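One structure below.
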């Protein structure tokens, strides 16, 4: 059975540093919302801070991406692909 062309595009994996930056961005947004961090959040933040691939610029892009999704919905970012 042949796979449709669309599923081939979906098999591509997300860059690991982008994934980590998105996690860090969620932690920063949680802190901004005055929601307390638990032990797991603190441990994860410390681990991500030591990772050389997770840069401030990448985290900033992830924060803006998450804020755009909340403000405009998920369709706004998929429109330009």
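The values are calculated or read from the model by the stated rules, or taken from the named source; none is laboratory data. These numbers were taken from a predicted model, which means no experiment stands behind them. Don't worry about glycine lacking a Cβ; one is built from the backbone with ideal geometry, like all the others, and counts go over all protein chains shown.
Quick notes on this structure:
- Going through (1) outside any loop (DSSP other than H, G, I, E, B); (2) surrounded by 10 or more Cβ atoms within 10 Å (Cβ to Cβ); (3) modelled with pLDDT of 95 or more one by one, residue 40 falls short only on (2).
- The number of residues in segment 43-55 that are under 15 Å from residue 16 (Cα atoms) and loosely packed, with under 11 Cβ neighbours inside 10 Å comes to 3.
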